[in-house]
Amino acid sequence: GEDVEQSLFLSVREGDSSVINCTYTDSSSTYLYWYKQEPGAGLQLLTYIFSNMDMKQDQRLTVLLNKKDKHLSLRIADTQTGDSAIYFCAERNNQGGKLIFGQGTELSVKP
Amino acid sequence: IAGITQAPTSQILAAGRRMTLRCTQDMRHNAMYWYRQDLGLGLRLIHYSNTAGTTGKGEVPDGYSVSRANTDDFPLTLASAVPSQTSVYFCASSETAQGGYTFGSGTRLTVV
């Protein structure tokens, strides 16, 4: 069945780059997403990538997709303390359109 | 209302009681979803509705029911709450194609 995996924790220093990784199993995924959840809040869509793209850049965010290995990554350049949050990877296939989420990666940014 | 509104924001509920979590959106999105979020498990889909008048079961539907009488509202009902239903519940909506979901702020439910 469909499955999305992420590591649970990542700690970086302010100003460094953060790379959050995700693997998925469904080869029919059409879109892949990154969401951010700040403490006590709902999920906010950060960015998404269509499955026929390899890379998407949006200001400090870079998404890389390796479709052959079913691997997705989110790179945050010049990480700030305000980037501390839980980041969820999600895939959307072409059957029903429901999103399947990973467990979330808690990013901790130390000053 | 802008986006998705969930109510209540938090609730402590005695086991065995019935509870309805409310979700309303004003974006005229066709599809709506209910997820529960538990530590280490991420978000798991409870029920969904692709359009008004239709509903479907997600990954963890047992103990929950939903209805979709109109486009805007998608209530989630716990018929007889149990402690394992203690969780944070998120409602979401989406247009049918790309763009991802819009999430509500969540309802924190504690069943004691």
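The values are calculated or read from the model by the stated rules, or taken from the named source; none is laboratory data. What you see is a predicted model; the values in this text were computed from it and never measured. Every residue, glycine as well, gets a Cβ built from its backbone with ideal geometry; the counts of neighbours run over all protein chains shown. Each accessible area value is taken on the protein alone, full model and side chains, heavy atoms only, with ligands, DNA and RNA left out. Shrake-Rupley method; radii C 1.70, N 1.55, O 1.52, S 1.80 Å.
Accessible surface calculations at 1.4 Å, restricted to protein heavy atoms, place chain B at 46 Å² per residue. Would you mind telling me the antiparallel percentage of the DSSP bridges in the protein assembly as shown, rounded to 5? Restricted to the protein assembly as shown, the bridges split so that about 90 percent are antiparallel. Rolling a 1.4 Å probe over the protein heavy atoms gives the range A:1-89 an accessible area of 51 Å² per residue.
Using the Cβ-Cβ distance between B:Thr77 and A:Leu45 with R0 = 30 Å, the FRET efficiency computed as 1/(1 + (r/R0)^6) comes to roughly 0.60. Coupling constants for the range A:38-44 follow from the phi torsions by the Karplus curve (6.51 cos²θ - 1.76 cosθ + 1.60, θ = phi - 60°), and in residue order they are 8, x, x, 10, x, 8, 10 Hz; glycine and proline get x. Across the range A:18-111, Cα pairs under 8 Å and at least six residues apart give a relative contact order of 32 percent. Once backbone amide H atoms are built at 1.01 Å from N, B:Gly58 has B:His47, B:Tyr48 as its partners under 5 Å, excluding neighbours fewer than 5 places away on the same chain. In sequence order, the range A:49-63 has phi-based couplings of 9, 7, 5, 8, 9, 9, 8, 9, 10, 9, 6, 7, 9, 10, 10 Hz under the Karplus curve 6.51 cos²θ - 1.76 cosθ + 1.60, θ = phi - 60°, and Gly or Pro positions carry x.
Mean separation of Cα pairs under 8 Å and 6 or more residues apart, divided by the residue count, gives the range B:17-112 a relative contact order of 32 percent. Buried area at the B:A interface is about 1500 square angstrom, summed over both chains, from accessible surfaces computed with a 1.4 angstrom probe.
Taking amide H as placed 1.01 Å from N in the peptide plane, B:Ser105 has its amide H under 5 Å from the amide H of B:Gln6, each at least 5 places away in sequence or on another chain.
Among the protein heavy atoms of the range A:1-67, carbon and sulfur supply 49% of the accessible surface, probe 1.4 Å, non-protein parts ignored. Residue by residue along A:30-38, Cβ atoms of other protein chains within 10 Å of the local Cβ number 2 on average. What lysines does A:Lys70 reach when the alpha-carbon gap must be under 17 Å and sequence neighbours fewer than 8 apart in one chain are set aside? Excluding near neighbours in sequence, the set is A:Lys56. Couplings for the range A:8-16, taken from phi via the Karplus curve 6.51 cos²θ - 1.76 cosθ + 1.60 with θ = phi - 60°, read 7, 9, 8, 10, 9, 8, 3, x, 6 Hz in order; Gly and Pro are left as x.
Accessible surface of chain B, 1.4 Å probe: 49 percent of it comes from carbon and sulfur atoms.
Look at the stretch B:29-41: the mean tally of other chain Cβ atoms within 10 Å of its residues' Cβ atoms is 2. Toward the positive end of the charge dipole of the protein assembly as shown, with +1 on the Cβ of Lys and Arg and -1 on the Cβ of Asp and Glu, the farthest Cα among A:Leu65, A:Thr81, B:Leu41 is that of B:Leu41.
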